[in-house]
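Participant: Take this structure first; my questions come after.
The values are calculated or read from the model by the stated rules, or taken from the named source; none is laboratory data. Everything numeric here is computed off the predicted structure, so don't read it as measured data. Note: ideal-geometry Cβ built from the backbone for every residue, glycine included; neighbour counts use all protein chains shown.
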Amino acid sequence: MVLAALGLAQSVAAQEPAHLGFKGYELGSSVAVAAADPRFECNVATAPGADLICGLKEGRKETLGGAPLRSLFLFYHWGRLTSISAQAEEKHFPQLEDALRHRFGEGRVRSEWVKNLKDKPFENRVRTWQGEGESLVLQRFGGRLDQSSVRFAADARITDIEKQRAAAAKDPRLDL
């Protein structure tokens with residue numbers, strides 16, 4: 001009977017969807033993973049949804065789907081990974097998109113128009129994947145016309161953190 005229950009529990013656990021993530025850094029995972037990785041340097045922060053940010057140390061390199069990343073940041077709150085932000089040169093967008101589609105499926109695609117300072121329009125393709133309380137967003141133009149961005153986010157957790165911070169700001173006695 002105990003073995004049957006254990007087998008059922010393992011079967012159910014195997015069917016649960018994995019958290020979104022990147023190379024062993026899954027949303028919700030412990031900061032211990034980054035702390036043990038000599039490629040990263042962590043610093044205290046007050047970013048939305050994070051109280052600690054870990055970034056690649058100077059001179060360290062990382063890739064996503066074979067595309068070299070310009071930057072990679074891991075955002076933690078209370079020791080748990082809440083988001084991952086990566087940037088790459090825009091010319092690597094097709095490679096990033098192909099790798100993410102291969103791992104996470106087609107997702108949802110939309111286009112929006114952005115303009116440069118000379119008012120020239122560019123089509124910004126945005127691909128989004130949704131998990132339970134999590135999302136992954138790939139943007140052809142991530143804030144700049146020369147770079148693409150990838151963002152994994154524990155949306156539900158970040159919303160909870162922002163609500164807690166807003167409540168504490170209104171009433172400092174709630175900042176416990």
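Participant: Pick from Arg140, Arg165, Arg173: which is out of contact with any Gly (no Cβ under 9 Å at 6 or more places or on another chain), among the charged types (D, E, K, R) and modelled with pLDDT of 90 or more?
Facilitator: Of Arg140, Arg165, Arg173, the one residue that is out of contact with any Gly (no Cβ under 9 Å at 6 or more places or on another chain), among the charged types (D, E, K, R) and modelled with pLDDT of 90 or more is Arg140.
Participant: Keeping to the stretch 91-129, report how many residues are in contact (Cβ under 8 Å) with a residue 60 or more places away in the chain and outside any strand (DSSP E or B).
Facilitator: 1
Participant: Give me the pairs: first residue in the stretch 139-151 and closer than 11 Å to Phe122 by Cβ and touching a residue at least 24 places away in the same chain (Cβ under 8 Å), second residue of a type outside the set (D, E, K, R) and outside any strand (DSSP E or B), beta-carbon distance under 6 Å, and six or more apart or on different chains, which are they?
Facilitator: Matching pairs, first to second residue: Arg140/Phe93; Leu145/Asn116.
Participant: While we're here: Considering the stretch 157-166 alone, what residues qualify as being surrounded by 12 or more Cβ atoms within 10 Å (Cβ to Cβ) and either over 19 Å from Thr46 (Cβ atoms) or not β-branched (Val, Ile, Thr) (or both)?
Facilitator: Once the filter is applied, which keeps residues that are surrounded by 12 or more Cβ atoms within 10 Å (Cβ to Cβ) and either over 19 Å from Thr46 (Cβ atoms) or not β-branched (Val, Ile, Thr) (or both), the stretch 157-166 yields Arg157, Asp160, Glu162, Gln164, Arg165.
Participant: Please determine whether any residue of the stretch 103-123 is touching a Ser or Thr at 6+ places or on another chain (Cβ under 8 Å), farther than 29 Å from Ile161 by Cβ and at pLDDT below 95.
Facilitator: Yes, the stretch 103-123 has at least one match.
Participant: For Phe40, which of the numbered conditions (1) touching a Phe, Trp or Tyr at 6+ places or on another chain (Cβ under 7 Å); (2) at pLDDT 95 or above fails to hold?
Facilitator: It is condition (1) that Phe40 fails.
Participant: Might you check whether a residue that is closer than 18 Å to His19 by Cα, surrounded by 17 or more Cβ atoms within 10 Å (Cβ to Cβ) and either of a type outside the set (Gly, Ala, Ser) or touching a Pro at 6+ places or on another chain (Cβ under 6 Å) (or both) occurs anywhere in the stretch 98-116?
Facilitator: yes
Participant: Still on this structure, I have one more. Against the definition (over 21 Å from the mean Cα position of the chain (by Cα), modelled with pLDDT of 85 or more, surrounded by 12 or more Cβ atoms within 10 Å (Cβ to Cβ) and among the acidic types (Asp, Glu)), how does Glu134 come out, yes or no?
Facilitator: Considered against the rule, which asks whether it is over 21 Å from the mean Cα position of the chain (by Cα), modelled with pLDDT of 85 or more, surrounded by 12 or more Cβ atoms within 10 Å (Cβ to Cβ) and among the acidic types (Asp, Glu), Glu134 comes out as no.
Participant: Next question. Can you tell me which residue is farthest from Ala86 (Cα to Cα) among those in the stretch 143-162 that are part of a helix (DSSP H, G or I), charged (D, E, K, R) and modelled with pLDDT of 80 or more?
Facilitator: Across the stretch 143-162, the extreme among qualifying residues is Asp160.
Participant: Can I ask one more? Test each condition in (1) touching a Leu at 6+ places or on another chain (Cβ under 7 Å); (2) under 25 Å from Arg125 (Cβ atoms) for Cys42 and report the one that comes out false.
Facilitator: The one condition Cys42 does not meet is (2).
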